[in-house]
Each structure stands twice: as structure tokens, then as C-alpha cells.
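Chemist: If you scroll down you'll find the structure; I have some questions about it.
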Amino acid sequence: MRSEFTLTVDGKTQKRVKIIDAYYNELQPDMPYKDFEAICKTPFLHVKKRIANDELFEIFFKFLGKFYPAPSKIVWMLRHNQSRFDKELVTQSTYNRTLIILTTYIGKNVKIFESYKKEISQWIKI
């Protein structure tokens, strides 16, 4: 499946454009489209594999920047995980797995969670 976006010019929607197709047509590289598409998608496939392994992490894409989970979102996820467990919407093993993922990330990034120390104290000491 190719990613698409709507191109808007002067406030008017022009057409739906396939991102990789547009970039391929702009660059006109000396390689088959399939190879070009694989090159474009590789970093995102790497991210998808790491997320599938229940891992939270920072990632840097050259020319795009550094991406990482927002601390406020991690704190929200801790509360949400607890709430779902309290309401018996998730099993003990799912609760524990999620808790381990979140607290491991917090443990590796203690400095950015200093301001949330009181809120997260029931799950992890920092």
C-alpha cells in the first residue's frame, strides 16, 4: 500500500498524490521504482520492528530529526494502563508487560521525567 496525501495549492485541493511516487518522479533516479520504494521505506520498517518488540525508544532520521515518546504521553499511558487493569479490561500479564515497557523507558530517561516524579511514584521511583 502506498502512502498518499492530498496536495493543496492556494487553498484548493488539487489531487491525491502518492508520496513516494511524487518523490521518485521529482528525482528521476537511475534505479527501478521497487528499489527506490524499498530505500524510502526501510527506516520506517526498522521502527515498526522495534515497536513490535515492545520497545520504546528515541530514533533519529537524517533530514527529518529526532523523534521520541513524549513524557506526558508515557505518564498518561501509565495511568491508562492502571485504569484498564482496575476495570478488568486487560489481563494481569498484559498489564505487567505494558508496565515493564513504560517503566523501563522511564528508567532509561530519568531526567526528562523529573517533573512527573510525584505522578509516577506509584509505579517507579526516580
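Since every read-out is calculated from the coordinates, none of them should be taken as a lab result. Because the structure is a prediction, the values reported are computed rather than measured. All Cβ positions, glycine included, derive from the backbone under ideal geometry; neighbour counts span all protein chains shown.
Chemist: Place a label point 7 angstrom from the Cα of residue 26 along the Cα-to-Cβ direction, then list the residues of the stretch 54-75 whose backbone nitrogen is under 20 Å away.
Modeler: Zone members listed by number: 61-66.
Chemist: Next up: How long, wide and thick is the chain, going by the Cα atoms along their three principal axes, in whole angstroms, largest first?
Modeler: For the chain, the Cα spread along each principal axis is 55, 32, 30 Å.
Chemist: Before rounding to the nearest 500, sum -39500 (n - 2.57) across all DSSP H runs of length at least 4 in the chain and divide by the residue total; then give [θ] at 222 nm in deg cm²/dmol. Show your work: numbers first, answer last.
Modeler: Details: 5 runs with 66 residues, N = 126.
Calculated mean residue ellipticity at 222 nm is -16500 deg cm²/dmol.
Chemist: In a GNM of the chain with a 10 Å cut-off on Cα contacts, which of 72, 83, 93 has the highest mean-square fluctuation?
Modeler: Judging by the Gaussian network model, the answer is 93.
Chemist: Farthest toward the dipole's positive end in the chain, which of 29, 95, 65, given Cβ charges of +1 (Lys, Arg) and -1 (Asp, Glu) about the Cα centre?
Modeler: Farthest along the dipole direction, towards plus: 95.
Chemist: Given the options 28, 82, 92, state which has the largest fluctuation in a GNM of the chain using a 10 Å cut-off (strictly under) for Cα springs.
Modeler: 28
Chemist: Using the membrane-span-like helix rule (whole DSSP H runs, Cα extent along the own axis of at least 15 Å, mean Kyte-Doolittle hydropathy at least -0.5), which helices of the chain qualify?
Modeler: Working: long enough: 33-52 (27 Å, -0.26); 71-86 (23 Å, -0.84); 92-108 (24 Å, -0.05).
Span-like helices in the chain: 33-52, 92-108.
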